Every structure is written in C-alpha cells, then in structure tokens.
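Input: a single structure, listed below in structure tokens.
Please treat every number below as a calculation from the coordinates, not as lab data. All values reported here derive from a predicted model rather than from experimental measurement. Note: ideal-geometry Cβ built from the backbone for every residue, glycine included; neighbour counts use all protein chains shown.
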Amino acid sequence: MMSETESKARGGEAVPFTAASPADEVKTALAGFLTDLGAFQTEMKTKFQQQEERLMMLDRKSLTRARPALATSAEVEAPHQKAFEAYVRSGDDGALRGLELEGKALNTAVNADGGYLVDPKTSQQIQAVLRSTASCRSIAKIVNVEAASYDVLIDITETGAGWATETANAAETSTPAIERISIPLHELSALPKISQRLLDDSAFDIEAWLADRVAEKFACAESAAFISGDGIDKPTGFLTYPTVAAGTDTWGQLGHVATGVNGDFDAVDPASALVDLVFALGSQYRANATFVMNSKTVGAVRKIKDADGRFLWADSLAAGEPPRLLGYPVLVCEDMPDIGIGSLSIALGDFGAGYTIAERPDLRILRDPFSAKPHVMFYASKRVGGDVTDFNAIKLLKFSV
C-alpha cells in the first residue's frame with residue numbers, strides 16, 4: 001500500500017499532491033477579487049463616459065434655435081406667435097389664415113368684427129398689466145364668457161326656515177325672490193400707432209410694445225367705466241345707480257352715509273362718518289371689504305385722527321400690501337370723484353360679491369398701414385362688460401348734510 005497519494009501527470013509520471021496552505025488560498029481569493037474589481041471599475045468608467053457624452057449632446061441641442069418643445073402647449077403657441085409677429089411687422093397674414101388652434105374651439109380666420117387673435121403670450125402680458133393696475137378689476141369678480149352677455153341670478157331674500165318636531169306637520173316657509181341681472185359685453189378698443197422704420201427693425205420687440213400700449217389704453221377706459229360708466233356701449237359703473245340713506249335702500253339702489261357737511265368732513269369729529277360707513281355695511285361683507293377713493297381724497301383722509309389723537313390711516317409695512325384705513329385695505333383709483341358738495345368720493349364694499357366683470361378671453365388685432373401714413377396703426381379690440389350684482393355689498397360716503 002502506498003504511503004502517500006499519487007496522481008498521474010500528463011507525461012505519465014506520478015506527482016505527489018500536497019494541500020494548499022490557508023495563506024495561499026487567501027492570496028488566490030484576493031487576487032481574483034482584485035481582478036474582478038478592476039474589470040468592474042473599467043466597465044463603470046466606460047458607462048460614465050458614455051453618459052457624459054450623451055449629456056453634452058443634449059446640452060448642445062438645447063442651446064440651438066431648434067430646441068424641441070417641452071410641452072404640447074408650446075407646440076400649439078409657437079406657430080401662432082411666429083405667424084402673428086409676421087402679420088404685425090409686414091402685414092403678411094398668410095400663415096394666420098391657415099392656422100388652427102387645436103383644442104381651443106376657435107381659429108384665427110377673420111370674423112365679423114375683423115382682425116386676428118393675438119398670440120397667447122402677448123394676451124397674457126396685457127391681462128397681467130390690467131390686473132395690476134389701480135382699478136376695480138383688481139378687486140371685482142371676473143368671469144370669462146363666450147356669449148354676448150352674462151346672466152347672474154341673485155337671491156335677494158332669504159329662504160324661510162323653521163323648527164319642526166318629529167310628529168307635527170312642518171310649517172310652510174317663504175319662497176325666495178330671484179332677481180336676474182344681465183351683463184352685456186361691449187367692445188373696448190385701442191388704436192396705437194408706430195412707424196414702419198421701427199417695425200422693420202428686427203431688434204425691436206414689437207410684441208412687448210404692442211402689449212404695453214394696448215394694456216395702457218384698456219386700463220384707462222376700463223377704470224372709468226367700472227366706476228361711472230352709463231351702460232350705453234360701455235359697462236355700468238356702480239356710481240351710476242341712485243343712492244339713498246343707508247338702511248332705507250332697496251334692490252337697485254346703493255346706500256350712502258352722509259358726512260353732515262356739504263363738500264367736507266365734519267370739522268369737530270371727521271372720523272365718525274367713516275366709522276358709520278364701515279358699520280353700514282353688512283357683517284358678511286365687511287370681512288372682504290375694501291375702501292376705494294382717489295389721491296386727493298386720500299390726502300384729506302390721511303389727516304384724520306380719532307379722539308385719542310391717533311391717525312386712522314396706516315401705511316403698508318410690507319411690499320405689495322395696500323395701506324389700510326380703519327383696518328381695511330385702500331384701493332387708490334383716480335377715476336373716483338374729488339370731494340365736493342354732494343359727491344360720492346369714498347366707496348366701501350366687498351367688490352368680489354358686489355361687482356362682476358364679464359369678458360371674452362380673446363383679443364383681436366387689425367393692422368392698418370393706410371390711414372396714418374407713414375405710420376402703421378393697430379386696431380385692438382376685446383369685449384368686456386360690468387355691472388353691480390349685489391347692491392347690499394357696496395356702501396358710499398356722501399359729502400352732504
């Protein structure tokens with residue numbers, strides 16, 4: 001019997017077999033691990049390099065003028081904006097005539113009123129300016145409509161209610177009275193003009209210029225109409241309605257509080273009229289109430305003090321916040337009347353409930369290169385209406401006995 005294990009070599013010779021030591025096994029395993037780790041590092045470096053190359057290619061594409069749209073809305077608005085700019089600069093309306101706005105149920109073909117729809121970007125700039133101006137638009141309720149008018153149903157009485165037991169018959173309650181208010185939409189127009197030389201200058205931002213001029217004209221016309229418009233081809237202003245002493249007013253009338261002096265505040269106690277005005281407004285409206293007056297009236301109100309010598313007026317302590325009078329925000333609107341005999345120079349109310357502005361969302365532009373040569377005129381038009389929808393939500397201060 002052989003004393004040690006033998007194995008046959010390829011050459012046929014017997015070779016003694018000796019078991020590997022633990023140190024050799026560790027070295028062998030470690031060498032294999034290091035080999036695998038090196039291969040893994042090489043593979044990851046290759047993948048990272050490929051990923052970096054892909055990112056660099058995307059960055060180059062994003063910096064070119066042919067950057068792909070990031071949203072479907074951009075694909076819709078970009079052709080409209082490009083076609084509209086071509087029409088404004090040169091009068092070329094070929095692209096606008098063939099353009100259809102998918103998903104918006106309207107197109108840019110010439111309608112009965114004439115003109116083309118302004119591209120969404122320019123329209124949004126105009127709306128932003130109108131919202132930021134000092135007019136009743138910033139505090140009134142605004143609705144977008146597609147019809148020629150907007151109808152509001154108002155419950156001018158409260159529905160009756162009563163207590164009932166389990167076995168007794170319920171008593172009949174009163175029926176609410178419903179009032180219908182129809183707000184017709186009127187055409188608001190602006191007619192800015194510009195020289196052809198500026199239109200030919202490609203560096204001139206024609207869209208921003210057009211948006212600023214149209215918004216400026218619209219803001220001035222709207223602000224006056226929402227306050228004192230007579231309702232004939234323009235919105236009906238809240239000062240157009242008849243006024244009676246607060247507490248005696250009925251539907252279709254605005255309540256007012258008198259100062260006790262013709263054309264001025266009371267010399268002894270000027271603050272009392274303002275306090276009476278605040279509490280003449282219903283409690284459900286006071287939470288969202290706003291004072292409306294012009295700058296001259298503000299100058300007079302700022303000087304009023306209470307019985308303890310404290311000013312009623314408080315300036316804003318934060319950017320974007322309006323000043324306050326008796327704790328309520330003040331909107332300075334220059335279209336409010338100056339203080340005079342019998343004037344209604346200060347209004348207080350929840351205008352979000354009391355006054356509604358209805359408008360069509362589209363704005364149209366018609367280019368006119370002939371009427372004011374060598375200038376080019378742009379006839380911009382939109383449809384807007386406004387009216388009082390809750391007479392209880394607005395009270396006025398009347399400078400009279």
Packing-ranked peptide list from 281-287, 43-49, highest mean Cβ count within 10 angstrom first, is 281-287, 43-49
Test of understanding: ordering Met336, Met56 by Cβ neighbours within 10 Å, fewest first, what list do you get? Met56, Met336
Report the FRET efficiency, 1/(1 + (r/R0)^6), for Glu53 and Phe33, where r is their Cβ-Cβ distance and R0 is 30 Å, rounded to 0.05. 0.45
Unit charges on C-beta of K, R, D, E only; dipole of the stretch 192-328, Debye: 180
Express the relative contact order of the stretch 246-351 as a whole percentage, based on alpha carbon pairs under 8 Å and six or more residues apart in sequence. 32
So for the pair Glu334, Trp163, with labels modelled 7 Å out along Cα→Cβ, what separation do we get in nm? 5.9
Find the percent of Cα-Cα distances in the stretch 295-401 that exceed 21 Å, and round it to a whole number. 59
When Asp201, Asp390, Asp276 are ranked with the fewest other C-beta atoms within 10 Å first, the list becomes Asp201, Asp276, Asp390
Footprinting exposure proxy for Tyr355, Tyr241 (fewest neighbouring C-beta atoms within 10 Å first): Tyr241, Tyr355
Extension gain Ile341-Trp313, at 0.36 nm per residue separation less the Cα-Cα distance, in nm? 7.7 nm
Relative to the present Cα-Cα distance, how much length would full extension add between Ala287 and Ala372 at 0.36 nm per residue of separation? 25.5 nm
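First measure r as the distance between the Cβ atoms of Lys296 and Ile178, then evaluate 1/(1 + (r/R0)^6) with R0 = 35 Å and state the FRET efficiency to the nearest 0.05.
So, using R0 = 35 Å, E works out to roughly 0.30.
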Between Asp212 and Met44, how many nm apart are label points set 7 Å from Cα along the C-beta direction? 5.6
With the convex hull built on the alpha-carbon atoms of the stretch 172-305, volume per residue in Å³ sits at 227
Give, rounded to the nearest 20 debye, the magnitude of the charge dipole that the stretch 209-270 has about its Cα centre when Lys and Arg contribute +1 at Cβ and Asp and Glu contribute -1 at Cβ. 260
Between Lys305 and Val145, 0.36 nm times their residue separation minus their Cα-Cα distance comes to what? 53.0 nm
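Remind me, what semi-axes does the stretch 181-247 give for its equivalent ellipsoid, largest first in whole Å, using sqrt of 5 times each Cα gyration tensor eigenvalue?
Whole-Å semi-axes of the equivalent ellipsoid: 38, 11, 8.
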Going by Cα centres, the stretch 203-238 and the stretch 260-323 are how many Å apart? 29
